[in-house]
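Here's the structure we're looking at; comments come further down.
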Amino acid sequence: KEFIINTFTRLYPTYRTCVSFTFILSIIVNKITGNANSTPFTNYLGNMTMFQYYLRIPNIDGAYWTMIIEMLFYIFIAFVFSIKKLKHIIPIGLILLYLISVQYFLIGKEYWPVYDGFKTILPLLNHFPLFFSGIIFYKLITDSENHFLYYVLLLFSFTLEINIEWESGFVNHPEHRFMTIIYFGLFILFVNKKLGFIVSRPSLFLGKISFALYLIHQYVSTQVVLPFLLDTWHLNFWIAAMIALIVVITLATLITYYIEIPLGKRLNNSLRGVFKLQKRV
């Protein structure tokens with residue numbers, strides 16, 4: 001119950017605020033520009049569920065594509081927890097990684113449509129090596145033993161992730177590999193307490209607003225601020241980009257401090273009261 005309440009109250013207040021803001025903003029922008037292709041209200045309602053992928057409703061903002069993957073992971077963890085097998089999460093995850101690797105490295109493209117069908121139903125599959133790596137990194141922090149085994153599992157997960165050819169409209173495969181190397185490198189530094197040099201007030205602040213910033217940045221910057229500054233004011237791209245960055249950071253800050261933190265806490269305590277759980281201080 002605590003897991004579900006904590007997950008719901010951490011994600012949904014911020015997410016629904018960003019969906020609503022973007023939907024209203026898109027209506028205003030379409031009115032101003034005379035664009036007849038307005039987002040239907042049914043699309044807005046579908047996006048509010050965070051399960052629009054299965055409703056076959058397009059994302060109002062492109063950044064939302066990752067949310068169903070995250071939700072599927074939480075559902076997977078909730079299921080493992082409910083059957084009291086969370087202590088076996090490493091072998092369970094390893095079995096999933098093995099099945100994915102068999103598809104890529106042994107079976108090959110002959111039976112690729114079979115895997116494509118599975119990953120269409122469960123889009124978590126193509127990204128599971130990253131989630132499994134997160135579990136391993138957590139184990140490296142909390143478990144003083146078995147570090148050699150954990151690093152072997154990390155290597156396996158990393159190798160699989162950089163070889164998965166997944167479709168994306170944002171990065172190509174070499175760029176995906178490059179960014180994966182950077183992320184794994186940063187987390188290895190972190191678990192070995194070698195990343196302290198990045199800790200500062202600005203970095204802690206950006207970490208605090210990161211969820212809202214992720215959800216709000218794309219449509220606002222690429223469809224509103226940048227087109228206006230570039231096409232109407234004819235500013236230099238980098239100046240326009242800096243202004244767009246300031247705008248989205250400001251919006252994310254407002255959402256975090258006036259919605260995510262206070263509303264999330266109140267909603268969390270309300271649900272804890274309903275389910276007779278100890279409230280947070």
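The values are calculated or read from the model by the stated rules, or taken from the named source; none is laboratory data. In this text the structure is predicted, and so the values were computed from the model without any measurement. Reconstructed Cβ throughout: ideal geometry from the backbone, glycine too, with neighbour counts over all protein chains shown. These area figures cover heavy atoms from the full protein model, side chains too; ligands, DNA and RNA do not enter into them. Shrake-Rupley method; radii C 1.70, N 1.55, O 1.52, S 1.80 Å.
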Using alpha-carbon positions, what is the distance between the centroids of the stretch 253-281 and the stretch 31-78, in Å? 24
Cβ-Cβ cut-off under 11 Å around residue 131, Lys and Arg +1, Asp and Glu -1: the net charge is -2
Can you give the relative contact order of the stretch 202-281 as a percent, counting alpha carbon pairs under 8 Å and 6+ residues apart? 32
In debye to the nearest 20, how big a dipole does the stretch 132-245 give about its Cα centre with +1 on each Lys and Arg Cβ and -1 on each Asp and Glu Cβ? 500
I'd like the FRET efficiency for residue 233 and residue 210, computed as 1/(1 + (r/R0)^6) with the beta carbon distance as r and R0 of 30 Å, rounded to 0.05. 0.55
With a 10 Å radius around each residue's Cβ, average the other Cβ atoms per peptide and rank 150-156, 190-196, highest first. 150-156, 190-196
When the Cα atoms of the stretch 1-160 are enclosed in a convex hull and the volume is divided per residue, what value in Å³ results? 154
Set of lysines with alpha-carbon distance to residue 265 below 22 Å, sequence-local pairs under 8 removed: 1, 208, 276, 279
Can you send over the carbon and sulfur percentage of the accessible area for the chain, probe radius 1.4 Å, protein chains only? 70
Charge tally in the Cβ shell below 12 Å around residue 6, where Lys, Arg are +1 and Asp, Glu are -1, residue 6 excluded: +4
Of the listed peptides 211-223, 57-69, what is their order by residue-averaged count of other C-beta atoms within 10 Å, with the highest listed first? 211-223, 57-69
Using a probe radius of 1.4 Å on heavy atoms only, what accessible surface per residue do you get for the chain? Whole Å² is fine. 61
Along the three principal axes, how long is the chain when you take its alpha carbons, biggest first, rounded to the nearest angstrom? 58, 52, 43
Net charge of Cβ neighbours under 14 Å - reference residue 213; Lys, Arg +1; Asp, Glu -1: -1
